[in-house]
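Readers should treat all values here as calculations from the given coordinates under stated rules, not as data from a laboratory. Keep in mind it's a predicted model, so treat the numbers as computed, not measured. Reconstructed Cβ throughout: ideal geometry from the backbone, glycine too, with neighbour counts over all protein chains shown.
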Amino acid sequence: MIPVVTGEEMRRIDRRAIEVLGIPGTTLMENAGRGAAEVIADRFSPVAGKKILVVCGKGNNGGDGFVCARHLAAAGARPLVLLLAEVSELKGDAAHHFARLATAKIPVTQVTEASTLLARIRELGPASDLVVDALLGTGVSGPAQGLISEAMTLINAFQKPVISLDLPSGLSSDRGGLLGPTVRATLTVTFALPKRGLLLYPGAREAGEVVRVEIGIPEAEMAREVSTFLLEAKDIRAILPARRADQHKGDFGHLLVLAGSLGKTGAAVLTSLAALRAGAGLVTLATAESQQPIVAAMAMEVMTEPLPETPARSLSLRALDRILALVEPRDAVVLGPGLSLDPETQRLIRELVTTLDRPMVVDADGLTALAGHLDLLEKARAPLLLTPHPGEMARLLGCSVREVEEDRITIVQRFCRERRVHLALKGARTVIGSPDGRVFLNPTGNVGMATGGSGDVLTGVVGGLLVQGIGPLETLQAGVYLHGLAGDLARDLRGEAGLIAGDLLEQVPQAMRRVTRGDTQPRG
């Protein structure tokens, strides 16, 4: 897995590299700018003869731009540096590398007034083949103003490939939000480690393709004190258990699914079948007695159990004793999909969370039952794995969906630490949290998965992995990754629009096969 940093974490890493490891800041900047130039030369080959406008601010991001321009010139390109500051404002490493531009005979145009900027941009922009954005880096905390803001707006109007250094100017390095005007990059070359904002939306959309380049800091040093990581296929491959030829269904676990009610039998069936597709040996679906014949007809491979029901045909409190008996021979429980919001059913859910002594995946209506009752999480007798979408997360926290979406990583990190649970906050770049404060971002999945039932498939995949003896954190990591990869495979077969949950279900075994074989690139 790849460490992912906040702006402050990256600054601490840089300081340690300079002050403790003795790597000069000028060397780190040289490595960053050279690496960016190499990526540009590779992606936009041949670069020789191309006119490249390098738009630089006065800070270290501008310094990276100076170095990049010098190495592009060495590769045969024709860079022109547009400096949006007085030369006297340049300090430290940036000033050092600016002075080297004269030796390399790279033309520099200095602009400090808006009227001059407009004239120069109109002159240079259309004549350029590429634009390098080196205006603002990770230290920005508010919207750009004045000359920098004007430049960003003009860059976006060029309709030329834009390469941002470290991250697009105007993007929050930590949350992925747009602080104000933000450069829309074709390619972002990020230095040392990817920044959170490049992976979270809407920042990920503005960043374009993201390429990471090394700048000379040892990997072990960069991982110090980092709490956020990007999952890779090799991490999931290490989690999935190998299968022996002499094993039988009893070796792969028995999952109890408590799901379904009148009108919501589909959620129960999708969850149960997904668990089997993820490798569970046996799945028992326990549901309201009037709905049991329906789910039995829909899922032949799943065992079913009828339970006492309410007048609304959802699980009744009278089902508690029967559920306790059903749990005894099972390895884990899924609780929530399609159970309904009936008050009696909601009370039953809360009772089960504190009573059952098996690892439990809680989703959908199960999460709603916990809203306003978070103290129950601390009374659980076995690990809890929660899989909320942003609306459910907002209900749990008593806040707005917008507040959840604005700071997904911090929200998950704080909740998991305080409540001692494992949690996957679903959405573009699902965020997985553990009680120890570590957070993991999932790279798989696509917008075609934004359809009813997709979350039920995830719940089933997680439950199916959990009964195979995989730990709670590893179960969530593998479940989320495989679910997203199954969605990518389904998209490549059918397209994004019109994708349904059943399409994902069918691709789960293929996703597992791809991961175990080391072939995770979906093909159409």
- prompt: Across the range 174-185, in residue order, what do the Karplus-derived ³J(HN,Hα) couplings come to in whole Hz, using 6.51 cos²θ - 1.76 cosθ + 1.60 with θ = phi - 60° and x for Gly and Pro?
  reply: 9, 9, x, x, 8, 6, x, x, 9, 5, 8, 8
message: With θ taken as phi - 60° and the coefficients 6.51, -1.76 and 1.60, list the Karplus ³J(HN,Hα) couplings across the range 442-449 in order, rounded to whole Hz; mark glycine and proline as x.
response: 9, x, 9, x, 7, 5, x, 7
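For the range 52-93, what's the relative contact order in percent, using C-alpha pairs closer than 8 Å and at least 6 residues apart?
This gives 52 percent for the range 52-93.
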- request: Return the sequence-ordered ³J(HN,Hα) values of the range 340-353 in whole Hz as given by the Karplus equation 6.51 cos²θ - 1.76 cosθ + 1.60 applied to θ = phi - 60°, using x for Gly and Pro.
  value: 5, 9, 3, x, 5, 5, 5, 5, 4, 4, 5, 5, 5, 4
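Using DSSP to call loops (not H, G, I, E or B), can you name the trypsin sites (Lys or Arg not before Pro) in the range 82-161 whose Cβ has at most 16 other Cβ atoms within 10 angstrom?
Lys91, Lys105
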statement: Checked the chain with the C-alpha gyration tensor, a ≥ b ≥ c its square-rooted eigenvalues, rounded below a/c of 1.5, otherwise prolate if a/b is larger than b/c and oblate if not; verdict prolate
query: What GluC sites (Glu not before Pro) in the range 256-321 are in a loop by DSSP, with at most 12 other Cβ atoms within 10 Å of the Cβ?
result: Glu301
- request: Averaging sequence separations of C-alpha pairs under 8 Å and six or more residues apart, then dividing by the length of the range 214-326, give the relative contact order as a whole percent.
  value: 20
Proximal aspartates and glutamates to Lys234, defined as alpha-carbon separation beneath 13 angstrom and excluding residues fewer than eight positions away on the same chain: Glu474, Asp519
- request: For Val257, enumerate residues with amide H under 5 Å from its amide H, sequence gap 5+ or separate chain, H modeled in the peptide plane.
  value: Thr284, Leu285, Ala286, Val334
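Looking at the range 441-524, which trypsin sites (Lys or Arg not before Pro) are DSSP coil and have at most 15 other C-beta atoms within 10 Å of their C-beta?
Arg523
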- prompt: Taking a ≥ b ≥ c as the square roots of the eigenvalues of the Cα gyration tensor of the range 233-517, is the shape rounded (a/c under 1.5), prolate (a/b larger than b/c) or oblate?
  reply: rounded
message: Quick query: amide H of Val54 versus all other amide H atoms, modeled in the peptide plane; which residues come in under 5 Å with a sequence gap of 5 or more or a different chain?
response: Leu80, Val81, Leu82, Val132
- request: Scan around Glu309 for amide H atoms under 5 Å from its own, H built in the peptide plane at 1.01 Å from N, and keep only partners 5 or more places away or cross-chain.
  value: Glu289, Ser316
field: Entries in Lys51/Lys160; Lys58/Lys195; Lys50/Lys160 that, when Cα-Cα distance is taken, lie over 19 Å
entry: Lys58/Lys195
message: So if I take the centroid of the Cα atoms in the range 329-395 and the same for the range 244-297, what is the distance between those two points in Å?
response: 18
- request: Counting helices only, and only those DSSP H runs with n ≥ 4, report the 222 nm mean residue ellipticity of the chain as the sum of -39,500 (n - 2.57) divided by its residues, in deg cm²/dmol to the nearest 500.
  value: -13000 deg cm²/dmol
